[in-house]
Amino acid sequence: EEIGAYSFRGCKFLKRAEVPSTVKSIGSFAFCLCEKLKGVELSEGLQQIRDGAFNSCISLEIVKVPSTVKEIADYSFSRCHQLKTVEISDGIEKIDKCAFANCYSLRNLVIPPNAQEMKGCFETGCHDLIKLFGSDAMILDSLKCRFYRLLPIHKLCYHQSHHPTETVTDQMKSM
């Protein structure tokens, strides 16, 4: 099953979306320009998020990508200005260029160290991340660093610099 390209593009009243486990792919620009979309629940079973799928969902605040997703395509979440937290599970292999471009509010980023291709996916317009790490290259290097109890360095930096989400808070408490 697939959510087809442009399926909900520009839907003015969509505030929340649940993608069931039967959906394997979210088509290109499927939710693009859903300006009131604040939350999206992506279920295990989803394998691919195609080009621009959530582009310009300016109210979207948090994205948790399940472990079954292998690829996040170009511009998938670009221009999601209120996006603060992105949690990507272990299954990811590739995050294409500009997948998170111009996500001005992005502060909390969880990406497993086994993610292979991530070139240029955060450098354009992710001002808060760049301030925290200095450059796109430093973001990627930091994401691959591990220390005490395998806590990624970016979670520690985020915890000290911003108001963490419940997920991050719980992990910090368990230290």
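A few points about this structure:
- Residue 83 being touching a strand residue (DSSP E or B) at 6+ places or on another chain (Cβ under 8 Å) and either acidic (Asp, Glu) or farther than 19 Å from residue 124 by Cα (or both): no
- Extreme residue, farthest from residue 66 (Cα to Cα), among residues of the range 85-95 that are over 9 Å from the mean Cα position of the chain (by Cα) and buried (at least 19 other Cβ atoms within 10 Å of the Cβ): 95
- Residue that is surrounded by the most Cβ atoms within 10 Å (Cβ to Cβ) [pool: residues in the range 1-20 that are farther than 18 Å from residue 87 by Cα and of a type in the set (A, V, I, L, M)]: 3
- Filter result for residue 67 (at pLDDT 70 or above, within 14 Å of the chain's Cα centre (by Cα) and open to solvent by 10 Å² or more (accessible area, probe 1.4 Å)): yes
- Condition check for residue 44 on (1) more than 25 Å from residue 124 (Cα to Cα); (2) in contact with a Ser or Thr (Cβ under 6 Å, 6 or more places away or on another chain); (3) surrounded by 15 or more Cβ atoms within 10 Å (Cβ to Cβ): one failure, at (3).
- Among the candidates 23, 110, residue that is surrounded by fewer than 22 Cβ atoms within 10 Å (Cβ to Cβ) and over 14 Å from the mean Cα position of the chain (by Cα): 23
The values are calculated or read from the model by the stated rules, or taken from the named source; none is laboratory data. Just so it is clear, the model here is predicted, and its values are computed rather than measured. All Cβ positions, even for glycine, are placed from backbone atoms using ideal geometry, and neighbour counts span all protein chains on display. Surface accessibility is based on the protein's heavy atoms, side chains included, excluding ligands, DNA and RNA. Shrake-Rupley method; radii C 1.70, N 1.55, O 1.52, S 1.80 Å.
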